[in-house]
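**Q** Handing you a structure now.
The values are calculated or read from the model by the stated rules, or taken from the named source; none is laboratory data. Everything numeric here is computed off the predicted structure, so don't read it as measured data. Because the Cβ atoms are built from the backbone with ideal geometry, glycine has one as well, and the counts that use them run over all protein chains shown.
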Amino acid sequence: MRPPSVSGEVVFNTALTGYQEVFTDPSYSGQIVILTNPQIGNYGTSRDDNESARPYIEGLVVREFSAISSNWRSDAEAGAFLGQAGIPVVSDLDTRALVRHLRTRGVMRGVLSAIETDAQKLVEKARGIPTMPASTSPAASPRRALRMVQACGRLLAIGDHRARA
């Protein structure tokens, strides 16, 4: 059963493929992910492609979410895969415009709600979300070979967050 609302840091991914890997990557824990590829879910999901044992994203925002899967390797439709984990999906949005907004205004917190319709209340709820704490940041995720890198005037934590057999 899906929760009535979820919240988290809003991030984006512009990859053309690999949506299932994004869903199951522990570095996306606590985050609502916007995917800019125009159609997501069309090749379903396969257990062999998981980065970890379960999805870590809080919610998903896409332009178009396919209700069918067309890959012979698919174990489940992407919607069913996320639904079993209680992860809401919002579709039919201009994800590229959302990404431009994030790029110009910086990191934002967000709320996806199936029960609240008052925009001001949702904004207040989003403003009340704590910033991403160090304990749930990608640097605190299960990993190997974490290193700090100075790039573009910022300190970045780089690590391998893939699941290991």
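**Q** When both residues are 6+ apart or on different chains and their Cβ atoms are under 9 Å apart, which pairs have a first residue that lies in the range 27-50 and is among the charged types (D, E, K, R), and a second that is not in a helix (DSSP H, G or I)?
**A** R47/D75; R47/A76; D48/R73; D48/D75; D49/G18; D49/T24; D49/R73
**Q** Then there is this: Take the residues in the range 81-92 that are farther than 10 Å from G41 by Cβ and without any contact (Cβ under 8 Å) to a residue 60 or more places away in the chain; name whichever of them is surrounded by the most Cβ atoms within 10 Å (Cβ to Cβ).
**A** If we take residues in the range 81-92 being farther than 10 Å from G41 by Cβ and without any contact (Cβ under 8 Å) to a residue 60 or more places away in the chain, then V90 is surrounded by the most Cβ atoms within 10 Å (Cβ to Cβ).
**Q** Would you confirm, using the coordinates I've provided, whether S29 is surrounded by 15 or more Cβ atoms within 10 Å (Cβ to Cβ), more than 13 Å from the chain's Cα centre (by Cα) and not hydrophobic (A, V, I, L, M, F, W, C)?
**A** no
**Q** On to the next question. Can you pull out the residues in the range 57-101 that are among the hydroxyl-bearing types (S, T, Y) and in contact with a Gly (Cβ under 8 Å, 6 or more places away or on another chain)?
**A** Once the filter is applied, which keeps residues that are among the hydroxyl-bearing types (S, T, Y) and in contact with a Gly (Cβ under 8 Å, 6 or more places away or on another chain), the range 57-101 yields S66, S69, S70, S74.
**Q** So in the range 68-110, with the set limited to residues that are in a helix (DSSP H, G or I) and among the hydrophobic types (A, V, I, L, M, F, W, C), which one is nearest to G30 (Cα to Cα)? Steps first, answer last, please.
**A** Initially, the range 68-110 is screened for residues in a helix (DSSP H, G or I), giving 78-84, 95-105.
Subsequent filtering for residues that are among the hydrophobic types (A, V, I, L, M, F, W, C) retains 78, 80-82, 97-99, 102.
Working: A78: 20, A80: 20, F81: 18, L82: 15, A97: 22, L98: 19, V99: 18, L102: 17 Å.
Ranking the qualifying residues of the range 68-110, first place goes to L82.
**Q** Suppose the filter is closer than 18 Å to P4 by Cα, surrounded by fewer than 16 Cβ atoms within 10 Å (Cβ to Cβ) and in contact (Cβ under 8 Å) with a residue 12 or more places away in the chain; does E116 pass it?
**A** Judged against the criteria, E116 is a match.
**Q** Is it the case that some residue within the range 129-147 is of a type in the set (K, R), at pLDDT below 90 and under 16 Å from the mean Cα position of the chain (by Cα)?
**A** Within the range 129-147, none of the residues are of a type in the set (K, R), at pLDDT below 90 and under 16 Å from the mean Cα position of the chain (by Cα).
**Q** Tell me which residues, restricted to the range 77-112, are in contact with a strand residue (DSSP E or B) (Cβ under 9 Å, 6 or more places away or on another chain) and among the acidic types (D, E).
**A** E77, D92, listed by residue number.
**Q** Output the residues belonging to the range 14-67 that are over 23 Å from R109 (Cα atoms) and of a type in the set (D, E).
**A** Across the range 14-67, the qualifying residues are D48, D49, E51.
**Q** Can you say whether R100 is modelled with pLDDT of 90 or more and farther than 20 Å from R47 by Cα, as far as the supplied structure shows?
**A** yes
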